[in-house]
1. Within segment 99-107, can one find any residue that is at pLDDT 85 or above and not hydrophobic (A, V, I, L, M, F, W, C)?
2. Let me confirm something: among Phe443, Phe439, Phe418, which residue is under 16 Å from Phe70 (Cα atoms) and either among the basic types (Lys, Arg) or in contact with an Asp or Glu (Cβ under 6 Å, 6 or more places away or on another chain) (or both)?
3. For the subset of segment 200-225 comprising residues that are modelled with pLDDT of 90 or more and either β-branched (Val, Ile, Thr) or not in a helix (DSSP H, G or I) (or both), which member is surrounded by the most Cβ atoms within 10 Å (Cβ to Cβ)?
4. Using the structure shown, decide if Val157 is modelled with pLDDT of 75 or more, open to solvent by less than 70 Å² (accessible area, probe 1.4 Å) and over 24 Å from the mean Cα position of the chain (by Cα).
5. Can you go through Trp102, Trp123 and tell me which one is farther than 28 Å from Ile478 by Cβ and buried (at least 24 other Cβ atoms within 10 Å of the Cβ)?
6. Restricting to segment 298-310, name every residue that is open to solvent by less than 40 Å² (accessible area, probe 1.4 Å) and more than 19 Å from the chain's Cα centre (by Cα).
7. Select from segment 248-265 the residues that are out of contact with any Asp or Glu (no Cβ under 6 Å at 6 or more places or on another chain) and among the β-branched types (Val, Ile, Thr) and write down the one among them that is farthest from Pro316 (Cα to Cα).
8. Considering only residues that are out of contact with any Lys or Arg (no Cβ under 8 Å at 6 or more places or on another chain) and without any contact (Cβ under 8 Å) to a residue 60 or more places away in the chain, look in segment 443-464 and name the one that is surrounded by the most Cβ atoms within 10 Å (Cβ to Cβ).
Amino acid sequence: MFARKSIAQVQRETQTSELKRTLGKWNLLLLGVGCIIGAGIFVRTGSAAALHAGPAVMLSFVVAGIVCAFAGLCYAELSSTLPVSGSAYTYSYTTLGEFVAWIMGALLLLEYGLAASVVAVGWGGYVVSLLADFGLVIPPQFTGPAGMTLMQDGAPVIVDGQTVTTIFNMPAFLICIALSGLLMLGVSESAKVNNIIVGIKVSVLVAFIAVGGLIVLSNLGELMATNWVPFIPEYDAAANNGEGAFGVDGIMRAASIVFFAYIGFEAVSTAGQEAKDPAKDMPFGILGSLIVCTVIYMLVAAIMTLLVPYGTLNVPDPVAVVVDNFGPTWGWLAKIIKVGAIIGLTSVVLVLMYAQTRIFYTMARDGLLPKVFSKVHPKYQTPYVNTALVGIITAVAAGFFDINVLGDMTSVGTLAAFAIVCLSVIYLRRNAPELPRGFKVPFYPVTPVLGILSCAYLIYTVPPSVLIFFAWFMAGMIALYFLYGLSHSNLQHGEWQDPAPDMGEFPGPVVDD
């Protein structure tokens, strides 16, 4: 169970070429901003404000950013210590052993697979809103998860005297199926296209902040009195079953939700081998990008909660709801912002699904999953079987499950994965102190310990129903390891992998939340 891959073995398997140290601290900071800004701010902020924190969701972003900083510094040390490619799955296999690597693989299914579903739901919300601007209305029954009462402006939608209950989210389902088909055909985007998409996402938020800020400043006093009093709504035991319903508890609960908006910052740590001066550049890139994004997120949250009552933001497309309140003068800008959000979210869904297929592919090559998941199409050179499976999983989750439940599961899985990364740093410091480290976590062991504790605390704030589902999911995955993975593992049989076929690369700069 605790057999580990040697660093030499992983190097041989990954067949990475030697990397040049060309990235300075500003390159890393901009990389981090591009990776972080994405679906989280477009999708999850609204429900965090509406259900838990109110205007104080701004403080929730600060809390989530601090937790990410602890984990990010640990990622930076691992990436500069282990000269291997791959995700946290590879780090775990090399440090804590096969069983922990399997657990990490299960957690990454939540981080990437379900995250793709969450983003797809948000994508569907913006598409529905944009189409409505042009008079094209998708039947409301096909715009939400199964069995949920459709809400608009904080109130149930009523058609012909009856409350509308959704059947399934058709737009979210279809985008997952379509993008999985593209991935099976071997679609890859150039770095230039990725950079353009990142530019679109950032530009959309800048336009939102600029125009929304002007509207807010023109009537600040009245808006603050109407929508920001009280700034921290009082705890409401009757709301949301009493779990994190406003008050200080609500701020912390919302932090576990908006944490989703920071997923992707670890991409900075993967550039550790290309940083000119890792000891100085890595913390600057990680902490700097987190600070910049936190400021942007707080500005967006402030404009959202000032322009509309926070109770109306529990929707998949909160930015669209707010821009529709800019007024008829800004109708053209509202359409542009929605188009920009759709373009950015499409790319995010694609990359998250891609990342999940490659994790399945790596685990199958290690023998932990059936070999069919590493089978590569002879023509398109893609792992088409596992890509089809990922497409089905993400489509069903996006089509039939509530975005808040999906988002909570994603956050729990990611927080648990980050805690394991922090633990890996402690393990390596104790058991391999001689390894050269391009960057060391400051204030060791306080920083990784705080990373573990803060991740555990945010997990604790998640509703018990989600934690119970998470526990059953992990129990099933652990059982699968003992039923299949342990007996089929290449490492247990002392087998080396054959060199991986070349499937091309999918550039990282858009890998975000």
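1. yes
2. Answer to the selection: Phe439.
3. Here the answer is Ile215.
4. When the stated conditions are applied, Val157 does not pass them.
5. From the options Trp102, Trp123, the qualifying one is Trp123.
6. Residues satisfying the conditions are Ala302, Ile303, Met304, Thr305, Leu306, Leu307, Val308.
7. Val248
8. Once the filter is applied, the top-ranked residue is Ile452.
The values are calculated or read from the model by the stated rules, or taken from the named source; none is laboratory data. Predicted model only: the values in this text are computed from it and were never measured. Backbone-built Cβ (ideal geometry, glycine too); neighbour counts: all protein chains shown. Ligands, DNA and RNA are excluded from the accessible area calculation, which covers all protein heavy atoms including side chains. Shrake-Rupley method; radii C 1.70, N 1.55, O 1.52, S 1.80 Å.
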